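Undergrad: Structure in C-alpha cells, see below.
The values are calculated or read from the model by the stated rules, or taken from the named source; none is laboratory data. Here the structure is a predicted model, which is why all the values come from computation and not from measurement. Cβ coordinates were reconstructed from backbone atoms using ideal geometry, including for glycine residues, and neighbour counts include every protein chain displayed.
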Amino acid sequence: MTMTGDFMPEDGQEADLGPAYPTVFGMQLTPPVQALAIVLLGVAASFALYNFLVRPVRQQISTIQGQVNDLQSQVDQQRSSLQGLADLQAQLDTTIQQRVAIYSLLGSSSSLETLMIDINQQIQNSNAAIEDVLRADFNRIDQGQLAALGLNQAQIQQVRSAFAGDPVTQRQIYTSELIQFTPSQPVSLGEGGPPELASNLNRQTVDVSMRALFPQTLSILRNIERLEPLIVIRDLTQEIASPPGGASEEQLAGISRQLDTSFTLEVLVPAIDPATPPPPPPPPAAEGEAGADGAPPPEGAPPPEGAPPP
C-alpha cells in the first residue's frame, strides 16, 4: 500500500534531537571542548608573549643591572683608593713634620752664624757692664752686679789705684774679646755614625778662641749648649791671659785675671732637605733576574766566561 502526504514525526521525537555543534578533525566542538581550547590558546598566547616580549626585556634588565653593579663596585674601589691615598698623604705629612722637628735639633750654617753673633753680643754686653763699673761711684755700685761679673769692690779699687792715669789700660784688663771663630767645610759623617745616616748628615767643626773672665767664659759655654742641643765641645784649653800693654804681673797680683780659652765645636748638620720626602726604594729584582755577586744568571743566559759547562 502506498501512502502519500507529509511525514510528521511522532510526538517527543523532536525533543530528543540536541543542537548541532561543528566538528573539527572528527571532534565535536561542544562547549566544554571549546572552553578547553580557549584555555589552551590563552596559555599558548601567554607563553609566546613572555618568550618574545617579556623574556628579552628581563634579560636586558639583568644585563644592565650587572653593568650597574660592576660600575658601582669600581666607584667604591676608587673611592676606597682615594680615601687610602688621603690617609697615606696624611701619614706622610705627619712623618715629614716629625723629620723636620728632629733635624731642627742639628746645626746649620745659619745657626753657626747666629752663634757667632750671639757670642759677640755677650762679649759686648759684658764689656759695657765692666766699663760702667769702672766709671761708677763706689756708693752706687751694685754688689750683685759685681759678683755676676766675677769682681769685687777691692779689685776695682786696686785697678783704679794702680792705673789711675791710664783709663785705656783699666778697660783692657777686663775687656773680653772673641779672637777666633773659624768654621770648617762640612764633611760626610762617614764611619763616625750609623751607616743609615751616613748620607743624611755631615760633620762640621768650628775653632773658637776667646778672652774673657771666668764668669763670662762659663756663660758663653752655657749659651752654646743652649743654642745647639746636639753639639760637642772638644779640646778645651784654658790659660791665664797675658797682661795687656802698660801693665805688669806685679800690678795685676790679687786681681781677677782673664782667661784665654780655646776649643773646637763639633756640629752635625743635615746633608739633605728634611722637608723633602726621600726617594722610594728600588723595586725587588724579578725572579730569574741576575742579582748580587754569586747569584745564578737568568735561565737561558750564557754562562760567564771561564765557567765550567753545566
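Undergrad: Could you list all residues from the stretch 156-166 that are surrounded by fewer than 17 Cβ atoms within 10 Å (Cβ to Cβ) and touching a residue at least 12 places away in the same chain (Cβ under 8 Å)?
TA: Our first condition is that a residue be surrounded by fewer than 17 Cβ atoms within 10 Å (Cβ to Cβ); within the stretch 156-166, this holds for 157-158, 160-161, 164-166.
Answer for the stretch 156-166, where residues must be surrounded by fewer than 17 Cβ atoms within 10 Å (Cβ to Cβ) and touching a residue at least 12 places away in the same chain (Cβ under 8 Å): GLN157, GLN158, ARG160, ASP166.
Undergrad: Let me ask something additional. Taking SER110 and the conditions (1) closer than 30 Å to LEU201 by Cβ; (2) among the polar types (S, T, N, Q); (3) at pLDDT 80 or above, which numbered condition does it fall short on, given that it satisfies the others?
TA: (3)
Undergrad: Considering each of THR114, THR95, THR63 in turn, give the residue that is on the phi < 0 side of the Ramachandran plot and in the same structural domain as ARG226 (by TED's automatic domain parsing). Steps first, please.
TA: On the way: THR95 fails: in the same structural domain as ARG226 (by TED's automatic domain parsing); THR63 fails: in the same structural domain as ARG226 (by TED's automatic domain parsing).
Just one listed residue meets the conditions, THR114.
Undergrad: Test ASP118 against the stated conditions and say whether it is surrounded by 10 or more Cβ atoms within 10 Å (Cβ to Cβ), in contact with a Leu (Cβ under 7 Å, 6 or more places away or on another chain) and within 24 Å of THR175 (Cβ to Cβ).
TA: Yes: the conditions hold for ASP118.
Undergrad: From the set of residues in the stretch 211-264 that are of a type in the set (Lys, Arg) and assigned to a helix (DSSP H, G or I), which is farthest from ILE156 (Cα to Cα)? Before the answer, list the steps.
TA: In the first step, residues of the stretch 211-264 are kept if they are of a type in the set (Lys, Arg); the result is 211, 222, 226, 234, 257.
Narrowing further to those that are assigned to a helix (DSSP H, G or I): 222, 226.
Details: ARG222: 27, ARG226: 32 Å.
Result: ARG226.
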